[in-house]
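Encoded as structure tokens, the structure appears first; notes follow it.
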Amino acid sequence: MAESNVLRCLVVDDEPRLRRVLVRLLEGEGFSCREAGSGTEALALLRQEPAPLVISDLRMPEMDGVTLLREIIAGWPDTAVIMVTAVAEVESAVACLQLGALDYVAKPFHLDEVRARVMQALDKRRLKLELAGYRQNLEERVKEQARRIEELSLERLQALVHFLEEKDTYLRGHSVRVTKYSVGIARRLGLREGVVDVISLGAELHDIGKIGVSEAVLNKPGKLTDAEYRHIMEHPAIGARILEPLMRDALIALAIVRHHHERLDGKGFPDGLTAGAIPLEVRVVTVADSFDAMTSLRPYRPAMSIETAIEELQAWKGRQFDPDVVDALMAAFPNAASLPVATSEVRPLHLPAAAEEGRPADAPI
């Protein structure tokens, strides 16, 4: 509250004589005072202009001091309230302290006592506001520190992804290209820029779970056994477990990491989700990841040509891939020159006519 508000006070009493005595005392101490003859009138004045200090009688018609106190605490919690009560009502005044009043004075009162209680109440109010400000500032600092720790951790993980890919001839540049494909698709679909950013983050980190996959299996030349394939396909769940503590506020990005190998027909990994349970953001990265995997060299097969990879995407529309997302990829990258894939990695591949056993003949991993 601004310093100019500190010396304003509202005096509430149904006896005009006592009210004027308090007003004269407070004005002599530099306060600017307003008067109210009832609790109802006091609330109306507070709605017009809040006051840092209210001095209220306990016994009043229409609305007594206790009810007024409750209303002030609920509507203007930073206001310091002092209750004025008869000596015989001290127990009621103490009850008001428990409700939130900062002090009370008993009638007949001494002016010096009133002055001292007012200054003491304002000191309590100031300390209360300072403490609240400190707590709020501390909470904000803690949140900011936690956010920064998460950012730094994610930055290190992003750097780790790129480092691991640089070490692996077959994966080099994969996450960067998948991110570029995903962003292009998302923008072609008209998604908001904030959503595009989330997709970009998920795409960049989508394969981090391969840290937990055997290098011997990842780099095995030749056809994978069913057990080896299942082992590799554990990487989405592994990646989600790694990132979950850092991405509680980025659940869609986390979903991309966990579900980018799900399929619309429910035959994907790791959870067998069907179309309605797979977010659009995940489907975007699924298509981007699959296209880049197919057009990249792998230890167990050469890279497909761009044309063959597109044929695969078209063939598996509606079963593995979202048709709208596939179309958006084609529209976002209408020719080979616009693709981020390195041309040296693309080699023609003629697929066998098989692959009707639940996944394409060369399922992208």
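The values are calculated or read from the model by the stated rules, or taken from the named source; none is laboratory data. None of the values given here were measured: they were computed from a predicted structure. Counting neighbours? That spans all protein chains shown, and the Cβs are built from the backbone with ideal geometry, glycine included. Ligands, DNA and RNA are stripped out before the accessible areas are found, and what is left, the full protein with its side chains, is counted by its heavy atoms. Shrake-Rupley method; radii C 1.70, N 1.55, O 1.52, S 1.80 Å.
A few points about this structure:
- Scope the range 230-249; condition closer than 19 Å to residue 293 by Cα and open to solvent by 60 Å² or more (accessible area, probe 1.4 Å); matching residues: 230, 234
- Single residue of the range 193-206 satisfying the filter (hydrophobic (A, V, I, L, M, F, W, C) and open to solvent by 30 Å² or more (accessible area, probe 1.4 Å)) that is farthest from the chain's Cα centre (by Cα): 201
Matching residues to (1) free of Cβ contacts under 8 Å to residues at least 12 places away in the same chain; (2) buried (at least 21 other Cβ atoms within 10 Å of the Cβ); (3) more than 27 Å from the chain's Cα centre (by Cα):
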residue	(1), (2), (3)
228	yes, no, yes
263	no, yes, yes
278	no, yes, no
298	no, no, yes
311	yes, no, yes
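- Residues in the range 1-60 that are assigned to a helix (DSSP H, G or I) and open to solvent by 60 Å² or more (accessible area, probe 1.4 Å): 3, 4, 16, 17, 20, 24, 27, 28, 40, 41, 47, 48.
- Some residue of the range 304-317 being over 12 Å from residue 259 (Cα atoms), modelled with pLDDT under 95 and basic (Lys, Arg): no
- Hey, residue 209 in a helix (DSSP H, G or I), closer than 18 Å to residue 278 by Cα and open to solvent by less than 30 Å² (accessible area, probe 1.4 Å) or not: no
- None of 279, 270, 299, 334 is more than 27 Å from residue 209 (Cα to Cα) and not small (Gly, Ala, Ser) except 334.
- Lone qualifier among 228, 262 - being of a type in the set (Asp, Glu), touching a Lys or Arg at 6+ places or on another chain (Cβ under 9 Å) and not in a helix (DSSP H, G or I): 262
- Residue 79 open to solvent by less than 70 Å² (accessible area, probe 1.4 Å) and within 25 Å of residue 7 (Cβ to Cβ): yes
- Contact annotation: residue pairs with Cβ atoms under 6 Å, 6 or more positions apart or on different chains, pairing a residue in the range 320-340 that is within 30 Å of residue 266 (Cα to Cα) with a partner that is open to solvent by 30 Å² or more (accessible area, probe 1.4 Å) and among the hydrophobic types (A, V, I, L, M, F, W, C), are 328/189; 339/333.
- Hey, residue 223 in contact (Cβ under 8 Å) with a residue 60 or more places away in the chain, under 19 Å from residue 255 (Cα atoms), among the charged types (D, E, K, R) and open to solvent by 60 Å² or more (accessible area, probe 1.4 Å) or not: no
- Residue list for the range 117-138, restricted to those being among the basic types (Lys, Arg) and either out of contact with any Asp or Glu (no Cβ under 6 Å at 6 or more places or on another chain) or open to solvent by 90 Å² or more (accessible area, probe 1.4 Å) (or both): 124, 125, 126, 128, 135
- Failed condition for residue 112, given (1) among the acidic types (Asp, Glu); (2) modelled with pLDDT of 75 or more; (3) surrounded by 11 or more Cβ atoms within 10 Å (Cβ to Cβ): (3)
- Filtered residues of the range 55-79 (kept if in contact with a strand residue (DSSP E or B) (Cβ under 6 Å, 6 or more places away or on another chain) and among the small types (Gly, Ala, Ser)): 56, 65
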